[in-house]
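The values are calculated or read from the model by the stated rules, or taken from the named source; none is laboratory data. This is a predicted model, so every value here is computed, not measured. Heads up, the Cβs are rebuilt from the backbone with ideal geometry, glycines too, and the neighbour counts pull from every protein chain shown. Surface accessibility is based on the protein's heavy atoms, side chains included, excluding ligands, DNA and RNA. Shrake-Rupley method; radii C 1.70, N 1.55, O 1.52, S 1.80 Å.
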Amino acid sequence: MRIADMDWRMVEDWVRHDDRCVLPLGGTEQHAGLSLATGAILAERIAVEAAEPLSIPVFPVIPFGLSPAFSGFPGTVSLRVATYAALIRDVLDSLKGSGFRRILIVSGHGGNQPAASIAREWMMDHADARVRFHAWQCAPLTAAAVRRIDPNSFHASWVDNYPWTRLADRPPQEGKKAEVDADRLHTLPPFEVRLLLEDGSAGGRYQRDDAEMLELWNVAVRETRALLEDW
């Protein structure tokens, strides 16, 4: 259940019998011809669909993360690491203050990986709480499904291209782009990253059949839900 559909009394009633909740982490950055909010859209949607049958509260996605390499693309929002660490800790403090003791973080942006270390550090100060960090696209079953469909999956390629991350007024991108040198990409300043990526994709096919995407999505939802069910 989305927190947006609850009031404070409903939360108070919930934590009397269950202390689980979900916190999605996203990003706002270039994804070629897809929505700038792709990372946020996917993280929140996977969290909501995974938690819905269990009625576990899902908080609104944090839409901004760590995206310094892509800051040369207009619309990208990137936080400083110190800002991000403080933000995650403050949110975890608030969730615990509301009575949540088991918090599943669902991340939809690779740059947010430091949140896993921040959560572990936070738990050192809160021995009565537990946080799991789940980068859903990198999780074992989902990653295996990606490899079965097409192992050439890179940033802003087909693996991010769902009906709900496309733009209604943009024609779908077709074809395939040569893979960008990732090692080189990670050493460049933002303006050179933009020159290297051109349209923003790091390579691979832009789009695959929606039936394949739905198959992949269902694996990801089930894998995420399992983390909540066995907790």
For the stretch 2-110, percent of DSSP beta bridges that are antiparallel (nearest 5) comes out at 10
At q = 0.16, 0.17 Å⁻¹, what is the log10 ratio I(q)/I(0) for the chain, with the Debye formula run over Cα points and no solvent?
-> -1.14, -1.26
Sites residue 120 and residue 187, calculated FRET efficiency, Cβ-Cβ separation with R0 25 Å, nearest 0.05 = 0.35
Could you go through the stretch 199-207 in sequence order and give the Karplus-derived ³J(HN,Hα) for each residue, using 6.51 cos²θ - 1.76 cosθ + 1.60 with θ = phi - 60°, rounded to whole Hz, and x for Gly and Pro?
-> 7, x, 7, 8, x, x, 5, 6, 8
Difference of contour (0.36 nm per residue) and Cα-Cα distance, residue 2 to residue 144 = 48.2 nm
Net +/- balance of residues flanking residue 65 in space, Cβ distance below 12 Å, scoring K and R +1, D and E -1 | 0
Starting from the residue with the highest accessible area, list 62, 41, 88 in decreasing order, probe 1.4 Å.
-> 41, 62, 88
Looking at the chain, do any whole DSSP H helices span at least 18 angstrom along their long axis by alpha carbon and average 0.5 or above on Kyte-Doolittle, and which?
-> 38-51, 81-97
Which far-off residues, 5 or more places away or on another chain, put their amide H under 5 Å from the one on residue 201, with H placed in the peptide plane?
-> 32
For the stretch 5-132, give the magnitude of the charge dipole about the Cα centre (Cβ charges: +1 Lys/Arg, -1 Asp/Glu; no others), in debye to the nearest 20.
-> 320
At a 1.4 Å probe radius, carbon and sulfur cover how many percent of the accessible area of the stretch 72-231?
-> 53
Once you have a ≥ b ≥ c as the square roots of the Cα gyration tensor eigenvalues for the stretch 180-231, tell me rounded if a/c is under 1.5, and otherwise prolate or oblate according to whether a/b is larger than b/c.
-> oblate
Might you work out the accessible area of residue 19 for me, using a 1.4 Å probe with all protein chains in place, and round it to the nearest 10 Å²?
-> 40
Build a GNM of the chain with springs between Cα atoms under 10 Å: which of 53, 63, 24 gets the top mean-square fluctuation?
-> 53
Mind checking the per residue accessible area of the stretch 31-73 for me, 1.4 Å probe, whole number of Å²?
-> 32
In a Gaussian network model over the chain where Cα atoms closer than 10 Å are linked, find which of 137, 173, 30 has the largest mean-square fluctuation.
-> 173
When DSSP beta bridges are limited to those with both residues in the chain, what percentage is antiparallel, rounded to the nearest 5?
-> 20
